[in-house]
Every structure is written in structure tokens, then in C-alpha cells.
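**Student:** To start, I am sharing the structure in question, which I have written as C-alpha cells.
The values are calculated or read from the model by the stated rules, or taken from the named source; none is laboratory data. Quantities reported herein were computed from a predicted structural model and do not represent experimental measurements. Quick reminder, even Gly has a Cβ in these numbers, built from the backbone with ideal geometry, and neighbours come from all protein chains shown.
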Amino acid sequence: MTTSEPLARLAAELDFIGRRLQVVSQELQHAQLAAPAPAPMHQPMPAPMPVPMHQPMPVPPQMAPPPQAAWPQPQPTYVPPPPLPERLGREGAGSKLVAWIGGSVTLLGIVLLMVLAVQRGWLGPEPRVLVGGGLGLALIAGGLWVHRNPAGRSGAYALAATGIAVLYLDVAAATSLYDLMSQWAGLLVALVVAGGGLLLSARWNAQFIAVWVIIGCALCDPFLTHGFTPLLVSFLVVLQIGAMPVQLVRSWPSLALVAGVPPVLASLLTTSFTLRTGGEPLQTAGAALASTIVGVTIAVVITLRDQRDQSSPVILLATAPIAALVAGFALTRPEAAWLAAIVAALMLVVVLCDRWLTVPVTVTAAVLGSVAMVDATVNALSGPTQAITLLGESLVLALAADLARHRAALLASLLSGVFGLLWALSVVKPATLVVFLSGANMSVDGIATGLLMTGVAIAIPLVGYRLDVIGSPTSKAGPWIVAGVVMLYGAAATVLTTALLISPDRSGFVFGHTVITVSWTVAAIALLLRGIRSAALRAVGLVLVGASVLKLVLFDLAALDGLARVIAFLAAGLLLLLAGTRYARLVQHGGVITDESRGVTNQLPD
């Protein structure tokens, strides 16, 4: 202990005593001012009342101790940590550092000895395993013996951690290097060793033991499992499972991250080696899926255990599915589709448990579930069916979000809709508004894609408005404008594709655009008339009127010709003229207009 720490504590105590004396002085002054004036000297003082010996003397009110809240509470004094050289120079710091360095060197030496024994043929497989197991048990026993003396706790921690890691790696070597046990038996024994050993760290309340064991085993395991293989991922997953009881007992967030990251990294590297060398893709995918399931489960359990920890479960939940989704690249398309579907179903279960989970965890699960669902759809289908299915999934999710009042489902619907829209524009290529017969898909697929685009563009903002995710068109116009553009494009593509299917020539193109212009105008009039009672509908109707006029001036005037151009202009103009007249008469004769389409209405005077 340095001389600065006692001086800092002494200064804090003296400051506290000074403040207490100041408060006592102020209260004595108040008591003196409130006391009655003393009697004159010529008046006789009243005789005091006799007090029985068996009764205590009453305490005057002004002498009563002040309430506890009146005393100032001592403020914590921040003492900056000493510099690193000073901490290393403290008594006992060197022994801790030397002990843990010795444990690390010992662990690496054991691993090198096992590998070298295989290469040189020293002893036999059974004696090697027995020697490693005996050394691990001896180190753990030594740690338990030293731990009885409080002065040797740091050495006990290092001894026990080294022994646990040696036992775990000895089981890995017996399974992978020497083939003394089947893989399932080796993984089961490793789980017992990891779980029991890490529980010792929870009993001693020494988090560093568990962290050191996991990091040491994760770094040394590849030397014993012939590199990055599915067996390596399995052993790291077992290590992660063994750390779960410790996390439940002690709630150590850093331990969850330390145990959750190595299986994901090992799975990614294993998939990479499988793609390069042509290994066993099914085993690689199985190990990756196990890593994903365990990681997601631990993230949920940690959240249920302590919802104050916001970062660790989100990081685990965001990284765990990556292992399985990337492993799909080593599989065939049907196999990858099934793997992604399992991940999507797992994320769906997490989303449905939002009542007991935090919002960041639920949102993360919704995002990853959408990605997994898109991956499964793309791998399972091909061609225009992919875009149609993605848009259909988005529409179903939007309706489910509205029925269940579930915002995470709405987020999944939005992500699926965006992927479906991009896929439709790149694969299906529905008939565009400005290019005639330039790669357009003039088929039933194009019509279905356009209809689903329109439905998704209508459903998502409406459900978002009902769930209070976005505001009304008059207050938050951005999302509604984007949805309106997609809706107009989908509806126009549907009409134009249908016209081109009927007449795949210039006449079909002209007829389709005439119908589009007239239909936009009719829809704008309907919204305006309905907008007598809704400010939001009025706003949408006016925007649609503007879009119709722009299309007439910028496109129809140049692209159409002859009778089609005349029909488009006359029909749109007459409809807008009649609608404007009717709209004005309704407003003047006592229509009811809502303020923000939120249930607040204002009755217009007659």
C-alpha cells in the first residue's frame, strides 16, 4: 500500500468531520435564538420540580439530536489508480505475475509434449494420457492446498487454472490424437471437466480463473485437433456450455463473451478450410449449427438472468448465427436452405419471447431472422420465384405484426420487403415506366411481382402507423413518400405488364400508360373526397394529384401520341376539374376534417 492512499482517506475523514461540526454550530445558533429571554434578577426563580430517582431526566427539545438526514453524508473521494510501475512494485504483485506466466508456460509445454510424443513415438497413448491427467489433478490438488492460506490465494488460482486446462486438453488429445475415445465420449468427458473446473472459479469468486482457462484451451486446442476441424469447433462449444453454469451463478458478462467468440471464429475458419480443401461439409455445418444454437441459448439465458447487461447478449446473439449462415456456402443449395431455415426459426422463437427479453435482443433477433429467411428463400428457389416469395413473406409478416402488435415482426417485414424489392428489380425486372420492352418481364411473374410490391408498400407504412412507429403523412412525410413511390411503381408495372401481355407492341404500351394516368387520377380523387374527414388522406391525395400531373407533362406528352395522348389529358383534366368542384362544395357545406388523423376532429361551421 502506498502512502498516498491513507493520506487521501484521512483527508476525506477530516473534511467530513469539519462539515458535521459546521452543521452542529448552525443548529446551536438557531436554538439560542429560539430560546426565551432569561428572567430578571429581582424575581425569584421558581423551584424546580422534584424528579423521582427511578425516572430518567427528560431531555429538552432543543437538546434532542438532529435528524439523520440533517447530517451531511460523506462524498466518495476519487483516488486515481497508481501507475503500472508502482503497481508492479507492490509486495505480492510480482508473485501473481510470475505465477500466471508460469501457468501459461506450463500449459504450452504440456501441449508441445503431447505433440512431440506422437511424433517421436515416446511411450504409448495410454501412458501419455495418464501422465497428462495425473499432472492436471496434481496441479488442482496443489491449488486447493495452497488456497487454505489467504496469503497464497494468487498462487492457488494459477495452480488450479493450469490444472483444469491441462485436464481439458488431455481429454482433447485422447480423443483426437490418440483415438482412445470416440468423439461423443470425449466431448462428454470434456464437458464434465470444463463444467466442474469452472465451477471452482465461481466458488472462489475468481473470474480470472475461468477466463484464463477458456482462452488457454481455445489457443491450444487447434494443436491437438489437427488444425481447424469440426472436432475443434465441437470442443470449443463444449467449453462454452461448461461456462454457462458459472455465468448463471456469478453473472460475469466478460466470461460470456470470452466463451462465445472462439467457437464462432473457429467455425468460420473451419468453413474456409473446407471450401479450400474439400473436407466434410456436413460435419462442418453441423458443428457450426451447434455453435449457433448454444450461442443464441446462452444470450437468451443471460438476458433472463440479468437484464441490466445490455451489450453481452446482443453481441452473442449477433455473432452466433454467422457461423451457421457462412457454413451454408460449403453445402449444396437445398442443404444451405434447410440450414438457413433452422436459423430463421431459432430467431423467430427469440422474437416471440420478447415479453421476457430486452428490446435490443429482440431487434437483433428480428434482423438476423430476416437475413436467414432471405438466405433460405434464395437457396431454395430460383428465378422470379425468389422475388415473389420474398415479397409475399414481407406481406405476411406485416399482417402478422399488425395482428400481434409486434414491432420486431414489422422490422422483419421491412427488411424482407427491401430484399424482395431489390431482387425483383435485378431478377424479375417488371416493366418499367420509361423504357419500352427493354428487358422487361412480360409474364405472369411480372404481374405478381408488381401486385406484391403494391401490397407491401401499402401494408408496411399503415401497420407502422398503427403501431406508432411512424407518424402520419402530415407530420412525418419521409416514409410515406418512399412507400408511395414503390406503390406507384408496382401498380404501374402491373398495369403495363398486363397490357403488354395482351398486345406486346406499341399499342399495348400506349394503352397501358393511358390506363396508368387515368387510374392515378381516379385514385387521387377518391383520396381527396375521403380526405374530407382525414387530413392524412388529403395529403396523400394531393401528392398523387401532383404525381399525375407530372406524368402527364413529363412523360405522356412526349411518349404518347395521337388519340392516346388526347384521351389521357382530357380524362385526367375533366376528372380533376369535377373533383375539385365537388371537394370545394363539400368543404363549404359542413364537412368534418380531422386535425392529424389521430382522432381529433374539428366541425366546420355551416
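**Student:** Where in the stretch 434-546 are there helices (runs of 4 or more DSSP H), lying wholly inside it, with at least 3 residues that are modelled with pLDDT of 80 or more and buried (at least 21 other Cβ atoms within 10 Å of the Cβ)? Spell out how you get there, then give the answer.
**Tutor:** On the way: elements: 444-466, 477-502, 506-530.
Correct list: 444-466, 477-502.
**Student:** Can you say whether A387 is at pLDDT 90 or above and either of a type outside the set (S, T, Y) or closer than 17 Å to S416 by Cβ (or both), as far as the supplied structure shows? Give the steps one after another, and end with the answer.
**Tutor:** On the way: at pLDDT 90 or above: no; either of a type outside the set (S, T, Y) or closer than 17 Å to S416 by Cβ (or both): yes.
Here the answer is no, as A387 does not meet what is asked.
**Student:** Report yes if V237 is among the hydrophobic types (A, V, I, L, M, F, W, C) and within 16 Å of L191 (Cα to Cα), otherwise no. Steps first, please.
**Tutor:** Values: among the hydrophobic types (A, V, I, L, M, F, W, C): yes; within 16 Å of L191 (Cα to Cα): yes.
So V237 passes the test.
**Student:** Now, a different point. Residues G195, G186: which one is surrounded by fewer than 24 Cβ atoms within 10 Å (Cβ to Cβ) and either within 20 Å of V258 (Cβ to Cβ) or within 33 Å of the chain's Cα centre (by Cα) (or both)? Steps first, please.
**Tutor:** Values: G186 fails: either within 20 Å of V258 (Cβ to Cβ) or within 33 Å of the chain's Cα centre (by Cα) (or both).
It is G195.
**Student:** Hey, I214 hits all of (1) crowded, with 20+ Cβ neighbours inside 10 Å; (2) farther than 14 Å from G136 by Cα; (3) at pLDDT below 85 but one; which does it fall short on?
**Tutor:** If we test I214 against (1) crowded, with 20+ Cβ neighbours inside 10 Å; (2) farther than 14 Å from G136 by Cα; (3) at pLDDT below 85, just (3) comes out false.
**Student:** Exactly one of these conditions fails for V428: (1) buried (at least 17 other Cβ atoms within 10 Å of the Cβ); (2) β-branched (V, I, T); (3) more than 25 Å from A366 (Cβ to Cβ); (4) at pLDDT 80 or above. Give me its number.
**Tutor:** All conditions pass for V428, except number (4).
**Student:** Scanning for something under 19 Å from V367 (Cβ atoms) and within 13 Å of the chain's Cα centre (by Cα), does the stretch 323-346 turn up at least one residue? Walk me through it before giving the result.
**Tutor:** Initially, the stretch 323-346 is screened for residues under 19 Å from V367 (Cβ atoms), giving 323-326, 328, 339-346.
Within this subset, residues satisfying the condition of being within 13 Å of the chain's Cα centre (by Cα) are none.
Checked the stretch 323-346: no residue is under 19 Å from V367 (Cβ atoms) and within 13 Å of the chain's Cα centre (by Cα).
**Student:** Among the helices (runs of 4 or more DSSP H) confined wholly to the stretch 314-427, which include 1 or more residues that are among the polar types (S, T, N, Q) and closer than 27 Å to V469 by Cβ? It would help to see each step written out before you state the result.
**Tutor:** Values: elements: 333-352, 359-380, 384-404, 407-423.
Where helices (runs of 4 or more DSSP H) fall fully within the stretch 314-427 and carry at least 1 residues being among the polar types (S, T, N, Q) and closer than 27 Å to V469 by Cβ, they are 359-380, 384-404, 407-423.
**Student:** Mind telling me which of the residues A330, A341, A336, A324 ends up being free of Cβ contacts under 8 Å to residues at least 60 places away in the same chain and surrounded by fewer than 22 Cβ atoms within 10 Å (Cβ to Cβ)?
**Tutor:** Answer to the selection: A341.
Table: residues versus (1) hydroxyl-bearing (S, T, Y); (2) surrounded by fewer than 18 Cβ atoms within 10 Å (Cβ to Cβ); (3) in the same structural domain as H147 (by TED's automatic domain parsing); (4) touching a residue at least 24 places away in the same chain (Cβ under 8 Å).
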site	(1), (2), (3), (4)
L200	no, no, yes, yes
L219	no, yes, yes, no
L231	no, no, no, yes
V237	no, no, no, yes
V246	no, no, no, yes
P263	no, no, no, yes
E280	no, yes, no, yes
L289	no, no, no, yes
